[in-house]
Amino acid sequence: MKKVLSIVLLCLSLSLAAQDKIEITEKDYANTEVPMADVMRSNGKIYVVVGVVMVIFAGMIIFMVNTERKVSKLEQEFLDEKG
Amino acid sequence: MRKKWWKVLTVLLLTYSILGALLFDAPRLNILNETIRNLHFHVTMWFGMIILLTTSMVYAIKYLRSNNIDHDHMSVEFANVGILFGMLGLATGAFWANYAWGEPWSGDPKQNSSAIAMLIYFAYLVLRNSMSDPLQKARISSIYNIFAFATLIPLLFILPRMTDSSLHPGNGGNPGFNAYDLDSRLRMVFYPAVIAWTLLGVWIASLRIRVKRLRTVLED
């Protein structure tokens, strides 16, 4: 019962809201006068490349640091007690 | 080796050099176009390789003088990372050449001789792994290492310059980047990049050396 009621209300509200809407047209998408988050699309999208390279680089460094930690731990276990 | 500060420096310099290489103003040159930025990656590999292989050779001499097996560990691991850098240099060079020179391998004197140099160093690794006695292995491969280095230098720096047709800048009949009046701005990224990638190589080598030391302790 509740479901049916809510669906009916939803349909009503849709038709009501449609009355005084301002339509979004292709023009709005082509409008370059309004500044958007365009940094990533500027300069031939070079910043996207920079982002990708930095992600890979960060991954590599995290891997290096992890390996470093593992080796250090092993050294503490096996080297430091001996001398 | 275990200290932290130089690893932080490595990461900072690498970050700076990668961002600088990709984003700083680059000279607009015909044919090269944006690939001039490869200078900060491809050439860097070779500079790093030379430094790492020199270090390897120094430790080979040290081993022969001291018979301390730890020097041999250092020698071989620096050689390993140096060879890795060299292979990356060859691969990036062929990739770049495909778009700048029209084909990945054009028999350029410097391409040929760097490939020969890499083969000589591959033989070093094969030679090492062909011997089971650790002392014999260390001694013979240290001697070979010195000779490999002695052929590396003429192969990379002398022979290509004695030819009269090389595509590489700065080699036979071809002016270096100095010919363009652009160097100082590229250098601001290039030299930090060389230091950064070399330090990364040292970091990798140091990790492998430490693993080797652990292994010798565990084997005893």
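Some values worked out for this structure:
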{"item": "Dimensions in Å of the protein assembly as shown - Rg and Dmax from alpha carbons", "result": "27.6, 93"}
{"item": "Within chain A: Cβ-based charge dipole about Cα centre, in debye rounded to nearest 20 (Lys, Arg +1; Asp, Glu -1)", "result": "360 debye"}
{"item": "For segment B:5-219: relative contact order, % (alpha-carbon pairs under 8 angstrom, 6 or more apart)", "result": "32 percent"}
{"item": "Computed Rg/Rh of chain A, alpha carbon atoms with Kirkwood Rh", "result": "1.46"}
{"item": "R0 of 22 Å, Cβ-Cβ distance B:Leu119-B:Ala150: FRET efficiency to nearest 0.05", "result": "0.90"}
{"item": "Unit charges on C-beta of K, R, D, E only; dipole of the protein assembly as shown, Debye", "result": "900 debye"}
{"item": "Within segment B:65-210: Cβ-based charge dipole about Cα centre, in debye rounded to nearest 20 (Lys, Arg +1; Asp, Glu -1)", "result": "360 debye"}
{"item": "Full-stretch length increase - B:Thr54, B:Ser165 - with 0.36 nm per residue and alpha-carbon distance subtracted", "result": "37.1 nm"}
{"item": "Cα-projected label distance for B:Ile31 with B:Ile158, points at 7 Å along beta-carbon direction, nm", "result": "2.9 nm"}
{"item": "Rounded tilt (10° steps) of B:134-153 against the dominant C-alpha axis of chain B", "result": "20 degrees"}
{"item": "25 Å Cα-Cα threshold exceeded, pairs from B:Lys7/B:Lys137; B:Lys110/B:Lys212; B:Lys4/B:Lys137; A:Lys70/B:Lys4; A:Lys73/B:Lys4; A:Lys70/B:Lys137", "result": "B:Lys7/B:Lys137; B:Lys110/B:Lys212; B:Lys4/B:Lys137; A:Lys70/B:Lys137"}
{"item": "Distance in nm between pseudo-label sites at B:Ala91 and A:Phe57 (7 Å out along the Cβ direction from Cα)", "result": "1.9 nm"}
{"item": "Under 5 Å, built H, 5+ apart or other chain: amide partners of B:Ser166", "result": "B:Asn174"}
{"item": "Potential lengthening between A:Val49 and A:Thr67 on full extension [0.36 nm per residue; Cα-Cα distance subtracted]", "result": "3.8 nm"}
{"item": "Likely footprinting exposure, B:Thr44, A:Thr32, fewest C-beta neighbours within 10 Å first", "result": "A:Thr32, B:Thr44"}
{"item": "Efficiency of FRET from Cβ geometry, A:Ala37 and A:Cys11, R₀ 45 Å, rounded to 0.05", "result": "0.80"}
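Bear in mind these aren't lab numbers, they're just calculated from the coordinates by the rules spelled out. Note that the coordinates shown come from a computational prediction; the quantities given were computed from them, not determined experimentally. Note that we place each Cβ from the backbone using ideal geometry, even for glycine, and neighbour counts take in every protein chain shown.
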